1. Before we move on, is Pro65 exposed (fewer than 10 other Cβ atoms within 10 Å of the Cβ), closer than 30 Å to Phe99 by Cβ and either touching a Phe, Trp or Tyr at 6+ places or on another chain (Cβ under 6 Å) or not β-branched (Val, Ile, Thr) (or both)?
2. Only one of these is of a type outside the set (Gly, Ala, Ser), exposed (fewer than 11 other Cβ atoms within 10 Å of the Cβ) and at pLDDT below 85: Glu73, Glu94. Name it.
3. Which ones in the stretch 346-379 are exposed (fewer than 14 other Cβ atoms within 10 Å of the Cβ) and either in contact with a Leu (Cβ under 6 Å, 6 or more places away or on another chain) or not in a helix (DSSP H, G or I) (or both)?
4. Please list, ordered by residue number, the helices (runs of 4 or more DSSP H) wholly in the stretch 241-322 having 2 or more residues that are surrounded by fewer than 23 Cβ atoms within 10 Å (Cβ to Cβ) and modelled with pLDDT of 90 or more.
5. Across the stretch 195-237, what is the number of residues that are surrounded by 20 or more Cβ atoms within 10 Å (Cβ to Cβ) and not in a helix (DSSP H, G or I)?
6. Just wondering, is there one or more residues in the stretch 194-203 that are closer than 26 Å to Leu146 by Cα, modelled with pLDDT of 90 or more and among the aliphatic types (A, V, I, L, M)?
7. Name the helices (runs of 4 or more DSSP H) wholly inside the stretch 406-488 in which the number of residues that are modelled with pLDDT of 80 or more is 2 or more.
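The values are calculated or read from the model by the stated rules, or taken from the named source; none is laboratory data. Since the structure is predicted, the reported quantities are computational estimates derived from the model, not experimental observations. Cβ placement follows ideal geometry from the backbone for every residue including glycine, while neighbour counts extend to all protein chains displayed.
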Amino acid sequence: MVNIADPVTQWAFMILVCVVTGTGLLIAVAFFRRWQQIRYLRYVHTLRRKHRPILAKLLSGAQSPSGVEALRELPLADLELLLDPLFSKRKLPERCVVFLQALCAELGLIELWQSRLAHGHAAALQSSGSGAHQVHADRATMRYVLRAKSIRNLGMLRHRPSWPLLVNSLDDRHADIQLVALRSLATLGAPESFAVLRERLHAIAPGKSTSPPLQALQAAMASFDLTCVPALLPSLRHPDHQIRWHATEILRTMVCREAARQPGLALTPELLTPPIVELLLAGLPVDTSAEIRARAAEVIVFLADPRATPVLRNLLLDHLWFVRLRTVRALAHLRQAAAPLHLDIRECLRDDHWRVREAAIQTLLSLGPEGKRQLYEHFLISPDRAAREQIVEVIERTGLMSALVEMYSAGTKGVDALLVEQLASDAAPLGLSGVLRTLNPEIRQRFLDRYLPYAQLIKMMLPEETRPEVERADNLQQVLEFPPCLAA
């Protein structure tokens, strides 16, 4: 029997009651929260299902005063819920952005978002300045998601008048807000904001400031249009090499992105302004920083200026291999500027660093027939076995071997034919044999009909001292003579 009067028993009973009551309360709260979530999701689903046809009609450009009035009757919070799926997309069609911006302005959403940014920024400054208003800090923390969405929405709409508010948001104490603001500024592309971001770069690069993050700031500035390049002049001339380096990287990224959009891009003084062009031709290529010289080369190849050729030639002779490497790679991007430099690129095939040699091989292959001819001639006359093996490796890796064999089988003469015979005789017989096995039997037979008499002629012409080479020719003939199952 349990003694109810025992104090230990009473305490145990009280603890049991508390545990059961607490568990019941937790279960009740969980069910209540789940009920709230279901109710909210049903409300959002009903809202979107009811007004989505109206919204789709307005965004298509159709005039619907009744639809606008129906949306105007909704609270601003409901309008945000209705439009949030649109803003959550990574990119909106240009036509949709125009109508969406007009609709948001008419419904008062843009004014609401701007107000959030202005008041949120003021509250953040007040709380961080006094250090005693914990209530303001807590409220700012609770509202930061709404501020982030407001910044995102203004950026998606490309609402240029809002750029000062977005710039002010870079001082927000939340790192996420700073990143969203930078992305929105990059999407807006307002030229006025580029100069402000440049000044922030001057403060962050030397370590005078820590926000916003330097890499994010650099990426945002590089997303602006080329028309903003003249505003980079103070950064490119700055005495601090860190600022010059970041500015050169921003310029390089902007130019390469535009070159990908516009094949055959030419940077004229009208586009970059004469001071920028002069700096690219006379200042950055002789900078004390190798990183700056290397990145400058990737911009100079796009200059529509005859002085660019000797500057690039000097960069190909730079004392640091990294600069030579980036310059050789850059010459593959612009055919017009690279044409007079074929011989200079060919000289890079003798470079001491293997990465420079490989980049020169890739660049010559990308420069069309003339570049390939220079590469093949160097292969045929070079006594450097390591360089020859490197060229063979690139030819095999790029799949060029098949094209060379097909041309040789078709009777092509000249440097291409000499190269194939060299590859078959000594340089890459096994690799060429593997290519032959994958080709059409007719092409393979034509290749053998042309090459085997050449191999026999070489065998007769070789003296006794070169008997190992003769044996290699015999072995090659055996390699190239396929079994009946493969020759069928």
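1. Working: exposed (fewer than 10 other Cβ atoms within 10 Å of the Cβ): yes; closer than 30 Å to Phe99 by Cβ: yes; either touching a Phe, Trp or Tyr at 6+ places or on another chain (Cβ under 6 Å) or not β-branched (Val, Ile, Thr) (or both): yes.
Taking the combined requirement at face value, the residue satisfies it.
2. Numbers: Glu73 fails: at pLDDT below 85.
Unique residue meeting the criteria: Glu94.
3. Listed by number, the list holds a single entry, Asp352.
4. Working: elements: 241-261, 269-272, 274-278, 290-300, 308-316.
Qualifying helices (runs of 4 or more DSSP H): 241-261, 274-278, 290-300, 308-316.
5. Qualifying residue count, the stretch 195-237: 3.
6. Yes, the stretch 194-203 contains at least one residue that is closer than 26 Å to Leu146 by Cα, modelled with pLDDT of 90 or more and among the aliphatic types (A, V, I, L, M).
7. 415-422, 441-461
Per-residue answers, yes or no, for (1) under 22 Å from Lys413 (Cα atoms); (2) of a type in the set (Asp, Glu); (3) modelled with pLDDT of 90 or more:
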residue: Arg355; (1), (2), (3): no, no, yes
residue: Ala359; (1), (2), (3): no, no, yes
residue: Gln362; (1), (2), (3): no, no, yes
residue: Glu370; (1), (2), (3): yes, yes, no
residue: Leu380; (1), (2), (3): yes, no, no
residue: Asp384; (1), (2), (3): no, yes, no
residue: Glu389; (1), (2), (3): no, yes, no
residue: Glu396; (1), (2), (3): yes, yes, no
residue: Gly399; (1), (2), (3): yes, no, no
